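First comes the structure, then the notes that go with it.
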Amino acid sequence: MGRIVVLVGLTGHIELLRPFLEYYAGLGADHFLVHINERKGRRAFIDAARAVLRDYAHTVTDVWTGRFDYFRKIQHELHVVSAHCAESDWVLMPDLDELHEFPCPLPELFRMCEERGCNAVRGRFLDRVAEGGELPKLSAIRCLFSQFPYAAQITHPVLHASPHVLAAARGFVPKLRHELTDGAPVLAGSPPRFLPGALATAHHFKWSRNAISRMRDRYRWYKSLYKSGKSEFSFYREGKRLLNYLDAHGGRFDLSDPLLEVAWDGRCLFPSHAPSVECLCPVRVAPKAATPSSRE
């Protein structure tokens, strides 16, 4: 088995970067590929990101310019993976606001994939929500699980977006891409062979104060692109559905809404040695040791 590589894009939420790196280093990641979207007036943001990244070995930073959009991001990811990943590497692909929980330790999981001829691991979103359903300002030093102690379903029932994620894939697939076919993520250029019985939980820490302002901005931007004839941006409607929900519920998520399937979750998945995390969670959970079933 090759390296365990984490590929992540950085467009905002600088306060999430250090906890993100510590979490995945705790899972056993060997290398980080961080691509940063540079725009006018963001020099201080990029300098701050590089200051954090200097504390982590085996990190490659790549900067791309211009206004962010989803498909430009995907194109840049293809370039970064092709340039820096070997055929034997396993690449994790979380967004910066996602901490993926796997069914067993990563080396064990990827060895099983290789033994069974599988090249990908699927995942499913579990949205995290703050106390009272509020959208808080993120703290850089408090544990994310402490800040968002509720687990809920928002991505699919509210946005009508796919609940699935492509959690990991072999580096021999140079054209990594998040496509959705009938609601399931696939690999461009190679048929997905997902490990049966293995499903990552993508803890999704998206719902903070800053995220909503960015969503409003991207909703307007993607809508304008769609109206100009770019039909691939039809997913702009997802942002509108979320904004409509918040407007109808006083700017927060209604924890009593049965649509959201809200449940309190007091666990913390951060490694105990993570120095930058102030954890107030009742339970700290060690990495799982159980192996996935051989059946779906």
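None of the figures in this text is laboratory data; all of them are computed from the coordinates on show. Remember, predicted model here, so these are calculated numbers, not experimental data. Reconstructed Cβ throughout: ideal geometry from the backbone, glycine too, with neighbour counts over all protein chains shown.
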Kindly provide the chymotrypsin sites (Phe, Trp or Tyr not before Pro) of segment 1-46 that DSSP labels as loop, not H, G, I, E or B, and whose Cβ sees at most 13 other Cβ atoms within 10 Å. none
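Using the Cα centre of the chain as the reference point, and only Cβ charges (+1 on K/R, -1 on D/E), how large is the resulting charge dipole? Debye, rounded to the nearest 20. Present the calculation step by step, with values, prior to reporting the outcome.
On the way: 39 positive and 33 negative charges, 193 e Å.
Using Cβ point charges on Lys, Arg, Asp and Glu, the chain gives about 920 debye.
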Kirkwood Rh and Cα Rg combined as Rg over Rh, evaluated for segment 212-268: 1.13
Averaging over every viewing direction, what projected area does the convex hull of the Cα atoms of segment 70-159 cover, in nm²? 8.5
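How would segment 32-100 be classified by its alpha-carbon gyration tensor: rounded, prolate or oblate, with rounded meaning a/c under 1.5 and the a/b versus b/c comparison settling the rest?
Because a/c hits 1.5 or more and a/b fails to exceed b/c, segment 32-100 counts as oblate.
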Of the options C118, V8, G250, report the single residue whose Cα projects farthest towards the positive end of the charge dipole of the chain (beta-carbon charges: Lys, Arg +1; Asp, Glu -1). G250
List the pair-distance distribution P(r) of segment 1-140, using every Cα-Cα distance, as the percent of pairs falling in each 5 Å bin from 0 up to the bin containing the longest distance, rounded to whole percents. 2, 8, 18, 20, 21, 16, 9, 4, 2, 0
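Out of all DSSP beta bridges with both ends in the chain, state the antiparallel percent to the nearest 5.
Working: 20 of 46 bridges.
Bridges in the chain are about 45 percent antiparallel.
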Tabulate in residue order the Karplus-calculated ³J(HN,Hα) for segment 135-149, using 6.51 cos²θ - 1.76 cosθ + 1.60 with θ = phi - 60°, rounded to whole Hz; enter x for Gly and Pro. 10, x, 6, 6, 9, 7, 10, 8, 4, 4, 5, 5, 6, 10, x
Among 144-151, 79-86, the order from most to least packed when residues are scored by Cβ within 10 Å on average: 144-151, 79-86
Candidates for Cα Rg over 2.2 N^0.38 Å are (1) 0.97; (2) 1.14; (3) 1.19, and the calculated one carries label (1)
